[in-house]
1. GNM, the chain, Cα, under 10 Å: largest mean-square fluctuation among Ala97, Ala187, Ala138?
2. Could you work out the local net charge near Leu178, counting Lys and Arg as +1, Asp and Glu as -1, over the other residues with Cβ closer than 15 Å to its Cβ?
3. Could you point to the residue in Met371, Thr116, Gly258 farthest towards the positive end of the chain's charge dipole, with +1 and -1 charges on the Cβ of Lys/Arg and Asp/Glu respectively?
4. What order do you get for Met256, Met310, Met371 when you list them from fewest to most C-beta neighbours inside 10 Å?
5. What ranking do Thr250, Thr395 get, fewest neighbouring Cβ atoms within 10 angstrom at the top?
6. FRET efficiency for Ala311 and Val102, Cβ-Cβ distance as r, R0 = 51 Å, nearest 0.05?
7. R0 = 22 Å: FRET efficiency of Ala206 with Ala73, Cβ-based, nearest 0.05?
8. If I take every Cα pair under 8 Å that is 6 or more residues apart in the chain, average their sequence separation and divide by the length, what percent do I get for the relative contact order?
Amino acid sequence: MVVDEPLEQRRTLIVLVIAQVFSGAGLAAGITVGALLAQDMLGTTSLAGLPSALFTIGSAAAAVTVGRISQRAGRRAGLTLGYGVGAIGSVGVVLAAVLDNVVLLFVALFVYGAGTATNLQARYAGADLAHPTRRGRAVSTVLVATTLGAVVGPNLVTAMGDLARTWGIPPLAGPFILAGAAYAAAALVLWVLLRPDPLLLARDVAARPDAAPEAAAAAVDGESQRRVVVTASLVMIVAQLVMVAIMTMTPVHMLMHGHSVAAAGFVIAVHVGSMYLPSPLSGWLVDRFGPRIVAVLSGATLLIAGIVAMAAPVESVPVLAVALALLGLGWSFGLVSGTAMLATALPLATRARTQGGVDLWIAVAGSAGGMASGVVVASTSYSSLAIVGGLVAATVVPIVAVTSSQRGGR
């Protein structure tokens, strides 16, 4: 069935895509050099991983805040505030570098994490006005837009470093100048152009006497709704945990076996591209076959990724790249299918707040996966981490099977 999306939905997606291009640049530019800046200011590598942890903690806190504000005042207010706070954090990082103040650096990195959370929360806004048969594609459109900025951001690291040097700012802080400008631009685009607000408009439409069934709150009863929300949350949490765990240790594994930083960077670039570029495929599959089928596909793909990573010869960059590509693809299947399930099951009265809570646990899972991965590799091996991650991902299959007979998530 061909469905014509309303003008408001098409406009919403266009505005979100523009904002995501900016925010993707801000996200990637800052994360690219965060660890290096911390290492340079601290004079040691022992705490160089702290920026990633601070991003994650700040992201988790912001996810809840953005969700609650969006619930009360609409997506426009929530997303604008999130990106605005991310911009402030970026400026704080630059100021910390100029002042050589480590405490300010860590506080600013925590605040900068708000941009990361908001970048991910924007996918929900794409689904608020989408027809049920096109929710997957709406979510994927927002996600794939992030790729455009994420590709540009790291490629401007050197140029921004040179610019910072001419201004008397430490070169490693240069990318955070770009991040601040990019997040501020995203906030401005959303504040000015995201009208009407998709969540508020969806509520108005649902309240009309002649509202279509799909425009009403969730088309599932309370018990089924809870099952779908739990299933969707677990699918996304497992995908995030497994993806971050294996991704985090792959460069370490490669460098330990004599590969260059450039080779490790290539594998991670393939991985990141595979997380976002296949989003349109993930969305089409969700709309065509239903989010539950794609969730199962996520678990299976992540399992295969773990097996390939486990079996990859240590000297083979191509095989490791294939493993990380499958890892990114499995994550994409999980995120898009889980997001679509939530959009279907959650009533408008609690949708944004619940989505923010779910993203909090996704962020926590990513942090846990990253920290646990080092322990597993140190005590066993990278191959053990890969296969354990794959087996954990395979639990998605029985999780979905338990609720497969319930309504609301197809």
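Here, each number is a calculation from the coordinates, and none is a lab measurement. Since we're looking at a predicted model, the values are computed, not measured. Here the Cβ is made from the backbone with ideal geometry for all residues, glycine too, and neighbour counts use every protein chain on show.
1. Ala97
2. Working: positive: Arg165; negative: Asp162.
Once positives and negatives cancel, what remains is 0.
3. It is Thr116, whose Cα lies furthest towards the positive end.
4. Working: Met256 12, Met310 19, Met371 16.
Fewest-to-most ranking of Met256, Met310, Met371: Met256, Met371, Met310.
5. Details: Thr250 25, Thr395 14.
Ordered by Cβ neighbours within 10 Å, fewest first: Thr395, Thr250.
6. After rounding to 0.05, the efficiency reads 0.75.
7. Computed FRET efficiency for Ala206 and Ala73 comes out at 0.80.
8. On the way: 806 pairs, mean separation 96.8, N = 410.
RCO, the chain: 24 percent.
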